[in-house]
1. Test of understanding: in a Gaussian network model of the chain with alpha carbons linked when under 10 Å, which of R118, R92, R26 would top the mean-square fluctuation ranking?
2. Quick one: which residues, 5 or more positions from F128 or on another chain, have an amide H under 5 Å from its amide H? H modelled 1.01 Å from N in the peptide plane, none for Pro or chain starts.
3. Would you mind calculating the gained length between R32 and K130 on full extension (0.36 nm times residue separation, minus the Cα-Cα distance), in nm to one decimal?
4. Taking amide H positions as placed in the peptide plane 1.01 Å from N, state which residues far from G45 in sequence (5 or more) or on other chains have amide H under 5 Å from it.
5. Return the FRET efficiency for the residue pair K44, T115: r is the Cβ-Cβ distance, R0 is 25 Å, and the value is rounded to the nearest 0.05.
6. Could you give each residue of segment 22-31 its phi-based ³J(HN,Hα) in whole Hz, using Karplus coefficients 6.51, -1.76, 1.60 with θ = phi - 60°, and x for Gly or Pro?
7. Could you work out the relative contact order of the chain? I mean the mean sequence separation of Cα pairs under 8 Å and 6+ apart, divided by the number of residues, in percent.
8. Dividing the Cα radius of gyration by the Kirkwood radius, what Rg/Rh value follows for the chain?
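Values in this text are rule-based calculations from the coordinates and carry no lab data. Bear in mind the structure is a predicted one, so any value in this text is a computation, not a measurement. Neighbour counts run over all protein chains shown; Cβ positions are idealised from the backbone, glycine included.
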Amino acid sequence: MSHYPIIKTEEEWEASLTPEQYYILRQKGTERPHTGRFNLHFDKGTYCCAGCSTPLFDSQNKFDAHCGWPSFDESLPGKILYKKDISHGMVRTEIVCASCGGHLGHVFEDGPTPTGKRYCVNSLSIDFEKA
């Protein structure tokens with residue numbers, strides 16, 4: 001079992017998150033494409049984990065990947081952990097918050113910027129702090 005700096009019981013997570021956030025962050029769910037509030041959001045600031053408020057992505061690394069979910073080409077250093085995900089009959093790289101283990105989405109190697117990365121993130125797994 002992984003250990004994270006922020007540890008809560010499942011009951012504590014359920015009490016601190018909306019049912020939709022709990023489904024994404026704790027049960028590894030996915031929101032429907034083109035429905036998230038941050039999909040086409042481009043204000044300047046920092047995107048943080050909705051579960052624990054850890055800063056995860058800078059707005060300068062956000063781009064419109066036309067995939068229906070918020071996309072970033074880079075995360076803030078040390079804030080994301082990467083896990084092999086073999087669910088749904090495919091092999092992907094899951095991204096989780098390094099502080100609380102909350103499921104954020106997946107990272108793909110098909111990004112259009114020099115990093116070549118596309119962090120595909122559920123809007124419900126993040127919050128935004130305006131610069």
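1. Residue with maximal mean-square fluctuation among R118, R92, R26: R92.
2. Excluding prolines and chain starts, which carry no amide H, the hits are C48.
3. Using 0.36 nm per residue and subtracting the Cα-Cα distance, I get 32.8 nm.
4. Amide H neighbours of G45, under 5 Å, 5+ apart: S59, Q60, A131.
5. E between K44 and T115, to the nearest 0.05, is 0.80.
6. Each residue's phi maps through the Karplus curve to give 4, 4, 6, 5, 9, 10, 6, x, 9, 7 Hz.
7. Across the chain, relative contact order equals 29 percent.
8. 0.94
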